[in-house]
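Below is one structure, written out as structure tokens, with a few remarks after it.
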Amino acid sequence: MWDVLFTNVHLATMADGDGAYGEVRDAAIAVKDGRIAWLGPRAALPQGAQAATVHDGGGSWLTPGLIDCHTHIVHAGNRSDEFEARLNGATYDDIARAGGGIMSTVRATRAASEDDLLRESLPRVRSLLAEGVTTIEIKSGYGLTLASEAKMLRAARRIGRELPVRVATTFLGAHALPPEFAGRADDYVDEVCTMIAPLVAEGLVDAVDAFCERIGFSHEQTERVFQAARAQGLPVKLHAEQLSDQRGAALTARYQGLSADHLEHLGADGVVAMAAAGTVAVLLPGAYYFLRDTTPPPVAALREAGVAMAVATDCNPGTSPMTSLLLAMNMACTLWRLTPSEALAGVTRHAASALGLRDDIGTLEVGKRADFALWRIARPADLSYAIGLNPCRGVVNAGILRSPAV
Ligand code: DI6
Ligand code: FE
């Protein structure tokens, strides 16, 4: 006896590898104890199969719940004032000299309480969830002290308790150099390394990230953070090659990193290293769009080398104030020529790999967690095609259907 059966749906299982949706038309999918117990064509339902609850999907498409595998969604304040100032002629330098930019978000986040951070972040998370997202990654990195990084990560964990979403947390202490360490970047990196153990002890960290860039931390400093992470048994990932080639992706691959993210300036060596290590390329078109960047990541080379490509929002107040994963899919297709099936794989199976959760979520397969999204669409490509339409008609978390009801 199953707990729940969704019937009269078309499945995009995303389980068949790249270039395919794994379509099963006129299908059904059964859940037992929060996991997928059976799926297949309705006509193949086992004789006498029964479920405590049956939902008629009314011809909807059913996909794995979407996964946003790179966000800075917990932060205080926003930077629309800087956005407006720049459009009125101010330069980045003007803004930085006036104490703006990333440091304005650091100041706001330090001043906010954990409750404030939660209250400000929940609407952004709800916007993602309304579009079928069932798992999000959330980074710290706007506190830059142990106490305020811990506060951000506690707020992130609370989001996973307050809303029907699974949260994976990432410690990004090496995001920016705080003013109290001006001119002493190596000392700050030492400090970041010592923050990891207490955060791990409190159960606040699932992975460790850094911003490896001329305006962030060097290759060598990043490697020290990676060593400290590995010493605590944590997987690493990296903001790599966003503005310049620091060989960050190859470094990440050397540490068996889960993902290297951004990658606009990734070179051929980095592609080879990522392919060999199985490191996922996380593509973030929102930041490219918002910064009006003109160097796209080497999508054709990544595809050719067989590097898995994920797509995420990078939701942050400075470079990607975006809370729509469907829009990120459209941008990845329009700006960078991903195919719609690559974009959907990028927010399902490959996003799961980028979080180290591939065995648990990201595809529709027997034994995986029953996290689904139901869509009022004619074909899976509609999810990448439409701009601003939300065709999500239901979300299922571990087998439990949320409104809007089917
Ligand atoms: N890369 C980015 O584009 C953002 N962080 C990062 O490491 C910028 C974050 C911000 O400006 O608030
Ligand atoms: Fe980011």
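Quick notes
- Using alpha carbons only: equivalent-ellipsoid semi-axes of segment 259-330, gyration tensor based, whole Å: 22, 12, 10
- Taking the accessible area of the chain, probe 1.4 Å, and keeping the other protein chains in place, the carbon and sulfur fraction comes to 51%.
- For the peptides 276-284, 60-68, 215-223, 365-373, the ranking by packing is 60-68, 276-284, 365-373, 215-223, with the highest mean count of neighbouring Cβ atoms within 10 Å listed first.
- Projection of the Cα convex hull of segment 52-137, averaged over all directions and equal to a quarter of that hull's surface, yields 9.2 nm².
- As a calculated quantity, the FRET efficiency between Ala147 and Asn8 at R0 = 56 Å, using C-beta atoms, amounts to about 0.60.
- Legend: calculated FRET efficiency, Ala43 to Leu389, from the Cβ-Cβ distance at R0 = 51 Å, rounded to 0.05, equals 0.95.
- Cα centroid separation, segment 304-383 to segment 105-149: 21 Å.
- Degrees, to the nearest 10: 102-111 long Cα axis against longest axis of the chain: 80
- Surface exposure of segment 6-61, expressed per residue as accessible area with a 1.4 Å probe, stands at 46 Å².
- Within segment 97-153, the proportion of C-alpha pairs whose separation exceeds 18 Å stands at 42%.
- In the context of the full set of protein chains, segment 266-380 has a per residue accessible area of 34 Å² (1.4 Å probe).
- Convex hull volume of the Cα atoms of segment 119-233, normalised per residue: 111 Å³.
- With a Cα cut-off of under 30 Å and a minimum spacing of 8 residues unless on different chains, the lysine pairs in the chain number 6.
- Most to least packed among 205-211, 235-241 [average Cβ atoms within 10 Å]: 235-241, 205-211
- Toward the positive end of the charge dipole of segment 39-170, with +1 on the Cβ of Lys and Arg and -1 on the Cβ of Asp and Glu, the farthest Cα among Pro46, Tyr92, Asn78 is that of Pro46.
- Oblate is the label for segment 299-406. Its Cα gyration tensor axes, ordered a ≥ b ≥ c, give a/c of at least 1.5 and b/c at or above a/b.
- For Thr53, the residues whose modelled amide H falls within less than 5 Å of its own, excluding neighbours fewer than 5 places apart on the same chain, are Val4, Leu5.
- The stretch between Asp382 and Lys32 holds 123.0 nm of extra length on full extension. This uses 0.36 nm per residue minus the Cα-Cα distance.
- Largest-first ordering by accessible area, 1.4 Å probe, given options Cys315, Cys193: Cys193, Cys315
- The C-alpha atoms of the chain define a longest principal axis, and helix 185-201 lies at about 40 degrees to it.
- Rounded to the nearest 20 debye, the dipole magnitude of segment 120-182 is 240 debye, with +1 charges on Lys and Arg beta carbons, -1 on Asp and Glu beta carbons, and the Cα centre as origin.
- Area of Thr53 that stays accessible when all protein chains are in place (1.4 Å probe, Å², to 10): 60
- The Cα atoms of the chain cover 71, 47, 45 Å along the three principal axes, with the biggest extent listed first.
- Karplus-derived HN-Hα couplings along segment 329-336 (A = 6.51, B = -1.76, C = 1.60, θ = phi - 60°), whole Hz, x at Gly and Pro: 4, 4, 5, 4, 6, 6, 7, 10
The values are calculated or read from the model by the stated rules, or taken from the named source; none is laboratory data. Quick caveat: nothing in here was measured; it's all calculated off a predicted structure. Heads up, the Cβs are rebuilt from the backbone with ideal geometry, glycines too, and the neighbour counts pull from every protein chain shown. Ligands, DNA and RNA are stripped out before the accessible areas are found, and what is left, the full protein with its side chains, is counted by its heavy atoms. Shrake-Rupley method; radii C 1.70, N 1.55, O 1.52, S 1.80 Å.
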